[in-house]
Amino acid sequence: MENRFCKQNQKFWNWRKARNQEPGVTERILELNGTIAEESWFDDDVTPQLFKDELNAGSGDITVWINSPGGDCVAAAQIYNMLSNYKGKVTVKIDGIAASAASVIAMAGDTVLVSPVSMLMIHNPATIAWGDHAEMQKAIDMLAEVKESIINAYVLKTGLSRPKLSHLMDAETWMDANKAVELGFADGIMTWTHSWSGLIY
């Protein structure tokens, strides 16, 4: 029971109310910061459900701010699915980095926007394996399937071919804002307007 409680408190996400919200407009803000899940969501029935409950606790459009180096592939896949199935519009804004597993989550956005100084990175999945040659082959086969599942998300967003995306992952491709838009990983670059009340997004 203590372990379940600890997992619930290792949150990498945070909900906050939107600022400068127009009357009658309902918007929710979700921030994803740091490593996506310090502990794996594999065989964890607590943390994914907690995220899902919080996601479905409200309604209206969601803006997801991402600044993450990546993390657990299982967690990223589940969050991607939850956001993709959300009834409201999902806008993803990358204000720092969306690398590895975080880039998969970003693909769930109906619209993906990047800061002019942000970065997006995609690469092959990795794991640690131990055992004889049969166990090593199992790990290789597993990684190949995980890569294919990740490519599925990239294909849906970018429209690029699977061989092209596979090559980009093999090369560990880093993209600045312009490159992310050029390749279809993002739909546009964010701009800011200064005012007396601060920054307006």
Anything in region 80-97 that is touching a strand residue (DSSP E or B) at 6+ places or on another chain (Cβ under 8 Å), of a type in the set (Lys, Arg) and surrounded by fewer than 17 Cβ atoms within 10 Å (Cβ to Cβ)? List them, or say none. 89
Matching entry among 104, 146, 155 (being of a type in the set (A, V, I, L, M), touching a Pro at 6+ places or on another chain (Cβ under 6 Å) and either free of Cβ contacts under 8 Å to residues at least 60 places away in the same chain or in a helix (DSSP H, G or I) (or both)): 146
State yes or no: is residue 159 within 19 Å of the chain's Cα centre (by Cα) and loosely packed, with under 11 Cβ neighbours inside 10 Å? yes
Would you point out the residue of region 177-201, among those that are modelled with pLDDT under 55 and part of a loop (DSSP other than H, G, I, E, B), that is nearest to residue 161 (Cα to Cα)? 201
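Which one is farthest from the chain's Cα centre (by Cα), of the residues in region 78-101 that are assigned to a strand (DSSP E or B) and closer than 22 Å to residue 40 by Cβ? First the steps, then the outcome.
Residues of region 78-101 assigned to a strand (DSSP E or B): 90-99.
Imposing the further condition that a residue be closer than 22 Å to residue 40 by Cβ reduces the set to 97-99.
Values: 97: 10, 98: 7, 99: 8 Å.
So, considering only residues that are assigned to a strand (DSSP E or B) and closer than 22 Å to residue 40 by Cβ, the one farthest from the chain's Cα centre (by Cα) is 97.
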Is there any pair linking a residue in region 124-139 that is within 29 Å of residue 69 (Cα to Cα) and assigned to a helix (DSSP H, G or I) to one that is among the acidic types (Asp, Glu) and modelled with pLDDT of 95 or more, with Cβ under 8 Å and at least six apart or on different chains, and which? none
Across region 53-77, what is the total count of residues that are over 14 Å from residue 108 (Cα atoms) and either under 12 Å from the mean Cα position of the chain (by Cα) or of a type in the set (Lys, Arg) (or both)? 8
Scanning region 43-57 for residues that are part of a loop (DSSP other than H, G, I, E, B) and either polar (S, T, N, Q) or surrounded by 12 or more Cβ atoms within 10 Å (Cβ to Cβ) (or both), the one modelled with the highest pLDDT turns out to be 56
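The values are calculated or read from the model by the stated rules, or taken from the named source; none is laboratory data. Model, not experiment: these values are computed from the prediction. So basically every Cβ, Gly included, is an ideal-geometry build from the backbone, and we count neighbours across all protein chains shown.
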